[in-house]
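**Q** Quick one: this structure, given as structure tokens, is what I'll be asking you about.
Just so it is clear, none of the values below were taken in a lab; they were calculated from the coordinates. All figures in this text were calculated on a predicted structure; none of them were measured in a lab. Don't worry about glycine lacking a Cβ; one is built from the backbone with ideal geometry, like all the others, and counts go over all protein chains shown.
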Amino acid sequence: MRAGVRHLLIALSAPVLAYLAAMVVLGLLPANAGWVEAEEGVVVFVNTNGVHTGIGMPVVNEVMDWRPLMPMAHLREPIAADYVFVGYGHRAFYLETESWADLSPRLALDAAFGGGAALVHVDHVQGPGEGAEQRALTLSKEEYRRLVAFVRARFTLDAAGRTVPLLGRGYGAHDMFYEAEGGYSLWLTCNEWTGRALRAAGVRMGFWTPLEQAVMWRLP
């Protein structure tokens, strides 16, 4: 292999290797290292579909009532939900991939490396439970207040202070997409958003969590 080609390959691979190294190192280094789960307080959930993570919070309690921001009127079918699961993701990926069969190489590369606009996704759920893909955490009321403040700030609000839904664009009858503040990038992925939310609450979490594994393995 000629020296020029070899140097070009090294130059092209260096950013990828640096990104992977940062992902490993910053994922292993814990923020809020001294955090201990509260004995009593507000039960929240963190879930994953193997790629994407989200956070489940009570629809209403003494700290926060999510109903004005996520009303049943936005859904195709109302449901007696007691939790809302909130995630953050790439706009085109959310809207163009109702199933994995819809994922094109172009869209996968754009979501992974391109950046762009983001949306908030909200799923209304009745009686969530723990499992291999869903963990429960008990937060103190103050920790939950901080979590709420972080999540709430990601919703775009209109002049009347209302969220902006993409009516009719949910995956099913009980979920909805909303316009979001901020963008999507290599540095702010759907899983890093979850990690930031948990770090803001004070939960022990890696300093940077671009992959779902970096989020889930830190949880009790």
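**Q** If we count every other residue with Cβ under 14 angstrom of Gly56's Cβ, Lys/Arg +1 and Asp/Glu -1, where does the sum land?
**A** -4
**Q** Using the alpha-carbon centroid of each, what span in Å lies between segment 57-100 and segment 160-202?
**A** Result: 9 Å between the Cα centres.
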